[in-house]
Amino acid sequence: MDLSYAEVRYIAKLARLELSEKEVESYTAQLSTVLEYMQQLDELNLKDVEPLTHVFQMQNVFREDKVAMSLPQKQILQNGPEVQSGHFKVPQIL
Amino acid sequence: MNLEQLSLTEISKKISNHEVSSVEVTENLIRHIEKTEPALHSFITVTADLALDAARKFDEMNIKGESFLLGGVPIAIKDLLCTKNIKTTCASRMLENFVPPYTATAVEKIEQAGGIIIGKTNMDEFAMGSSTETSYFGKTRNPWDLDCVPGGSSGGSASSVAAHQAYAALGSDTGGSIRQPAAFCGIVGLKPTYGMVSRFGLIAFASSLDQVGPMTKTVEDAALLMNVLSGYDSKDSTSAQVPISDFVMPLKKNLKGMKIGVPKEFFIDGMDLEVKASIEKAITQLEQLGCTMIPVSLPHTKYSLSVYYIIAPAEASSNLGRYDGVRYGLRTPGDNLNQMYEKTRSSGFGAEVKRRIMLGTYTLSSGYYDAYYLKAMKVRRLIKSEFDQVFQKVDCLVTPTTPTPAFRFGEKTQNPLSMYLADIFTISINIAGVPAISIPCGFSKNKPIGLQLIGKPFEESTILQVAYQYEQSTLSNQLKPNLKKIEEFSKNEL
């Protein structure tokens, strides 16, 4: 399974990563090797196998919709890179 | 014997009997850390002042005669468990200055049991790695061989316990991150059943595989910590609602009639010969203790690495989507929102984290989902069913923890696949969600070897009992790394 340069650029865009030329080159080679190794799964017949999403079959976990203590606004904002009047500030969107 | 060299069980007894105060124990440990830390770099943050404050408070309570399981004993915490008002970095530039506003349930339980946080330990960035070399804050050395890695990702936790810088440590295990470093550093490491210990406040890597667990000097210490850590937590929606009984008392039961499976797939070509010999010797020892060994087969084991490196990066790529420079963590400015995201994530994450985000994004992307992610989840069912079937015949399984002892720095960093293969014996356990423990069982070229015992879901008691009886009959944990050498090395580092 060989990834192309263009595919790696495209994945990086999906993952919101800005990669240097050098990074794209090394990831192209390294990820191709790893994906090639994973081709071993193709030798299995999985036609009638159900995917397993959770190791111990759990049903939806419900709780009562009760008001409980949560963190105060000041603490929620304490790690914000840029905070203004009780909000997180981001660069212009539109 | 120096105070720092006692086990968690021994020192907590001494403190509760008033033979020594928590402040004395903590002060002694801080001095020992100062002498050894320049060589080892087990910690990202040493919380000496906070620990002394907590020790003073504990000693005041101790006078009143209240009883605590971990009374006044300093314990190290892997730096991906949130600690309120103590920096929690995940060994990443992304969270270099992150100070959590809340504490992880596992850490809260340690504190409620009287434990004292001595520091936050080094690890692979976001727990992605098997050597602690991907940490943004530099490497940790293996106390047994300072040219070797301590394993990973809980490498700092393992080295701190092995070198007596902490009486015990918390680690986390997604594909072997507690057991592999425990094996490399000659200590005990337990990955509990998925859901046994709360993941609330554990910074997520791969949510369907992650589990918090104890790393200790002795099996009894691991059992004691499991008494503290286990139990349902409403803040973790995958927390299991199972009855929890005492883990310490059943350790003393003898092993007569115990049936232990030996899966042939864990004895492979290319295994270190001394590792192989040590495991075989351990198996003989278990037979002498009354266990019956039964050859078993887990034929899908060879697919577990592929399954893991599809599922774990896929979950990681989703979990790490939150690091966008908006609410916490690093922000690198950009002209618009998208540019800010990209610049933040590119400068905040290291090479291995980016590699796994790329891998996960690819296998989840449209057109490839069926070929990779869906396929991996199907094979996950096959692996899980295989464990279920084998456990109808045996009480637990015995295997090596790793195919080789600790490797040298840089040996595997250029080839990611060779690094991934270091976890070949630990990974399928996380895929199946079952518990497993690594305990010391010998040496290869003066480097520790780990024996892995794998148990049925929620039957940690069984593997702890086998581990304890083995440890007591062989005294396999009696040899310690050369602390004088570490102190000498530290002097030269300063």
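The values are calculated or read from the model by the stated rules, or taken from the named source; none is laboratory data. Given the structure is predicted, the values throughout are model-derived calculations rather than measurements. Cβ placement follows ideal geometry from the backbone for every residue including glycine, while neighbour counts extend to all protein chains displayed. Just so you know, the surface numbers come from the protein's heavy atoms only, side chains and all, with ligands and any DNA or RNA stripped out. Shrake-Rupley method; radii C 1.70, N 1.55, O 1.52, S 1.80 Å.
In the set A:ARG16, A:ARG63, which member is basic (Lys, Arg), within 7 Å of chain B (Cβ to nearest Cβ) and within 23 Å of the chain's Cα centre (by Cα)?
Values: A:ARG63 fails: within 23 Å of the chain's Cα centre (by Cα).
Criteria check complete, one pass: A:ARG16.
Tell me the residue from B:SER237, B:SER245, B:SER198 that is open to solvent by 20 Å² or more (accessible area, probe 1.4 Å), farther than 22 Å from B:MET419 by Cβ and within 14 Å of another protein chain (Cβ to nearest Cβ), please. If you could, list the steps in order and put the result at the bottom.
Working: B:SER245 fails: within 14 Å of another protein chain (Cβ to nearest Cβ); B:SER198 fails: open to solvent by 20 Å² or more (accessible area, probe 1.4 Å).
Among B:SER237, B:SER245, B:SER198, only B:SER237 is open to solvent by 20 Å² or more (accessible area, probe 1.4 Å), farther than 22 Å from B:MET419 by Cβ and within 14 Å of another protein chain (Cβ to nearest Cβ).
Among the listed residues B:LYS109, B:LYS87, which satisfies the condition of being basic (Lys, Arg), open to solvent by 10 Å² or more (accessible area, probe 1.4 Å) and either within 25 Å of B:MET226 (Cα to Cα) or away from chain A (no Cβ under 14 Å) (or both)? Write out each step before concluding.
On the way: B:LYS87 fails: either within 25 Å of B:MET226 (Cα to Cα) or away from chain A (no Cβ under 14 Å) (or both).
Testing whether each residue is basic (Lys, Arg), open to solvent by 10 Å² or more (accessible area, probe 1.4 Å) and either within 25 Å of B:MET226 (Cα to Cα) or away from chain A (no Cβ under 14 Å) (or both) leaves just B:LYS109.
Are any residues in region B:431-461 in a helix (DSSP H, G or I) and surrounded by 22 or more Cβ atoms within 10 Å (Cβ to Cβ), and if so, which ones? Can you show your working first?
Just the residues of region B:431-461 that are in a helix (DSSP H, G or I), to begin with: B:431-432, B:460-461.
Result: B:ILE431, B:ALA432, B:GLU460.
Of the residues B:ARG345, B:ARG327, only one is among the charged types (D, E, K, R) and open to solvent by 60 Å² or more (accessible area, probe 1.4 Å); which? Steps first, answer last, please.
Numbers: B:ARG345 fails: open to solvent by 60 Å² or more (accessible area, probe 1.4 Å).
Just a single option satisfies the conditions, and that option is B:ARG327.
Only residues that are part of a helix (DSSP H, G or I) and open to solvent by 50 Å² or more (accessible area, probe 1.4 Å): list them for region B:331-340, please. Steps first, answer last, please.
So the first thing to find is which residues in region B:331-340 are part of a helix (DSSP H, G or I), and the list is B:337-340.
Those that are part of a helix (DSSP H, G or I) and open to solvent by 50 Å² or more (accessible area, probe 1.4 Å): B:ASN338, B:GLN339.
Given (1) facing chain B (nearest Cβ under 7 Å); (2) open to solvent by 60 Å² or more (accessible area, probe 1.4 Å); (3) out of contact with any helix residue (DSSP H, G or I) (no Cβ under 9 Å at 6 or more places or on another chain), identify the lone condition not met by A:TYR37.
Of the numbered conditions (1) facing chain B (nearest Cβ under 7 Å); (2) open to solvent by 60 Å² or more (accessible area, probe 1.4 Å); (3) out of contact with any helix residue (DSSP H, G or I) (no Cβ under 9 Å at 6 or more places or on another chain), the odd one out for A:TYR37 is (3).
(1) at the interface with chain A (Cβ under 10 Å from one of its Cβ atoms); (2) touching a Lys or Arg at 6+ places or on another chain (Cβ under 8 Å); (3) not aromatic (Phe, Trp, Tyr): which one isn't true of B:VAL326, the others all being true?
Here B:VAL326 meets the rest and fails (2).
Of (1) touching a Gly at 6+ places or on another chain (Cβ under 7 Å); (2) of a type in the set (Val, Ile, Thr); (3) not in a helix (DSSP H, G or I), B:VAL326 satisfies all except one. Which?
Single failed check for B:VAL326: (1).
Residues that are out of contact with any Phe, Trp or Tyr (no Cβ under 9 Å at 6 or more places or on another chain), in a loop (DSSP other than H, G, I, E, B), open to solvent by less than 40 Å² (accessible area, probe 1.4 Å) and at negative phi: does region B:393-402 have at least one?
Checked against the condition, which is being out of contact with any Phe, Trp or Tyr (no Cβ under 9 Å at 6 or more places or on another chain), in a loop (DSSP other than H, G, I, E, B), open to solvent by less than 40 Å² (accessible area, probe 1.4 Å) and at negative phi, region B:393-402 yields at least one hit.
Given the residues B:PRO416, B:PRO333, B:PRO405, which is the only one that is touching a Pro at 6+ places or on another chain (Cβ under 8 Å) and within 11 Å of chain A (Cβ to nearest Cβ)? First the steps, then the outcome.
Details: B:PRO416 fails: touching a Pro at 6+ places or on another chain (Cβ under 8 Å); B:PRO405 fails: within 11 Å of chain A (Cβ to nearest Cβ).
Sole residue among the options that is touching a Pro at 6+ places or on another chain (Cβ under 8 Å) and within 11 Å of chain A (Cβ to nearest Cβ): B:PRO333.
B:PRO295: of a type outside the set (A, V, I, L, M), open to solvent by 40 Å² or more (accessible area, probe 1.4 Å) and assigned to a strand (DSSP E or B), yes or no? Step through it out loud before you land on a result.
Numbers: of a type outside the set (A, V, I, L, M): yes; open to solvent by 40 Å² or more (accessible area, probe 1.4 Å): yes; assigned to a strand (DSSP E or B): yes.
Yes; evaluated as a whole, the condition is true for this residue.
Looking only at region A:42-94, filter to residues that are of a type in the set (Gly, Ala, Ser) and surrounded by fewer than 13 Cβ atoms within 10 Å (Cβ to Cβ); which one of those is farthest from B:PHE98 (Cα to Cα)? Full working, then the answer.
Pass one, region A:42-94, residues of a type in the set (Gly, Ala, Ser): A:68, A:70, A:80, A:85-86.
Next cut, surrounded by fewer than 13 Cβ atoms within 10 Å (Cβ to Cβ) only: A:68, A:70, A:85-86.
Values: A:ALA68: 25, A:SER70: 19, A:SER85: 21, A:GLY86: 19 Å.
Ranking the candidates gives A:ALA68 first.
Those residues that are more than 7 Å from chain A (Cβ to nearest Cβ) and closer than 10 Å to B:LEU320 by Cβ, I need them from region B:349-363; list them, please. Step through it out loud before you land on a result.
So in region B:349-363, the residues more than 7 Å from chain A (Cβ to nearest Cβ) come out as B:349-353, B:356, B:360, B:363.
Those that are more than 7 Å from chain A (Cβ to nearest Cβ) and closer than 10 Å to B:LEU320 by Cβ: B:PHE349, B:VAL353, B:ARG356, B:GLY360.
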